[in-house]
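The values are calculated or read from the model by the stated rules, or taken from the named source; none is laboratory data. Here the structure is a predicted model, which means the values were calculated and not measured. Neighbour counts are summed over all protein chains in view; Cβ atoms, including those assigned to glycine, are modelled from backbone coordinates with ideal geometry.
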Ligand code: UDP
Ligand code: MG
């Protein structure tokens with residue numbers, strides 16, 4: 001079994017979650033899983049960053065509504081680090097349509113909508129790297145020793 005690759009991924013806490021007071025509950029899921037928070041900030045998204053971030057959806061009829069929703073409050077951007085974390089966070093997030101997302105996933109437990117599905121999570125290692133850069137400047141991603149890692153990973157995984 002490969003020991004894994006240390007990765008970083010982007011999560012955005014969307015306006016529906018901000019309005020519903022779910023930031024703490026959502027963040028707890030990632031903390032409890034054993035992931036390491038290396039960046040976090042609240043920010044208002046402009047049209048340009050949304051066009052870039054949702055470039056794969058820019059020509060869809062729902063894009064204007066999505067952009068309006070994503071600008072209805074600031075979002076909270078978080079960068080989480082861990083072994084193979086991009087895939088892990090997608091699993092914890094659940095599928096796009098909240099009302100069909102697996103119970104136990106964040107979308108499965110906290111959302112009913114396709115658009116208002118509480119968080120964004122990067123969907124591939126390449127996109128995660130681009131998205132972390134899109135939302136964080138170099139100095140906003142922090143390196144530190146996470147003391148509980150000795151209880152999260154086995155010794156050989158820590159040295160992967
Ligand atoms: N979205 C939407 N209507 C759709 C598909 C997507 O409003 O029919 C929104 C929704 O908020 C989703 C985001 O666009 O989370 C990005 O879509 P994507 O297909 O990348 O889904 P995700 O990666 O977020 O699961
Ligand atoms: Mg996506």
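Select from the range 40-59 the residues that are free of Cβ contacts under 8 Å to residues at least 40 places away in the same chain and in a strand (DSSP E or B) and list them in ascending order. Before the answer, list the steps.
Going residue by residue through the range 40-59, those that are free of Cβ contacts under 8 Å to residues at least 40 places away in the same chain are 40, 42, 44-48, 50-51, 54-59.
Listed by number, the residues that qualify are 40, 42.
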Task: Of all residues making up the range 118-147, the number that are in contact with a strand residue (DSSP E or B) (Cβ under 9 Å, 6 or more places away or on another chain) and more than 12 Å from residue 9 (Cα to Cα) - done: 7
Task: Criterion (in contact with a strand residue (DSSP E or B) (Cβ under 9 Å, 6 or more places away or on another chain) and under 16 Å from residue 105 (Cα atoms)) met by exactly one of 35, 83 - done: 35
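Kindly indicate whether residue 145 is in a loop (DSSP other than H, G, I, E, B) and either away from ligand 1 (no atom under 16 Å from the Cβ) or in contact (Cβ under 8 Å) with a residue 60 or more places away in the chain (or both). Talk me through it step by step, then tell me what you get.
Values: in a loop (DSSP other than H, G, I, E, B): yes; either away from ligand 1 (no atom under 16 Å from the Cβ) or in contact (Cβ under 8 Å) with a residue 60 or more places away in the chain (or both): yes.
Spelling it out, residue 145 is indeed in a loop (DSSP other than H, G, I, E, B) and either away from ligand 1 (no atom under 16 Å from the Cβ) or in contact (Cβ under 8 Å) with a residue 60 or more places away in the chain (or both).
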Task: Tally, over the range 60-95, of residues that are touching a residue at least 12 places away in the same chain (Cβ under 8 Å), over 14 Å from the mean Cα position of the chain (by Cα) and either within 12 Å of ligand 1 (Cβ to nearest atom) or in a helix (DSSP H, G or I) (or both) - done: 6
Open item on the list: Looking only at residues that are in contact with a helix residue (DSSP H, G or I) (Cβ under 7 Å, 6 or more places away or on another chain) and either surrounded by fewer than 13 Cβ atoms within 10 Å (Cβ to Cβ) or at pLDDT below 95 (or both) in the range 1-51, which one is nearest to residue 133 (Cα to Cα)?
Closed with: 47
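How about the range 107-131: which of its residues are closer than 20 Å to residue 19 by Cβ and within 11 Å of ligand 1 (Cβ to nearest atom)? Working first, answer last.
Keep residues of the range 107-131 that are closer than 20 Å to residue 19 by Cβ, which gives 107-121.
The answer is 107, 111, 113, 114, 115, 116, 117, 118, 119, 120, 121.
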Task: Enumeration of residues in the range 117-142 that are assigned to a loop (DSSP other than H, G, I, E, B), away from ligand 2 (no atom under 15 Å from the Cβ) and in contact (Cβ under 8 Å) with a residue 60 or more places away in the chain - done: 136, 141, 142
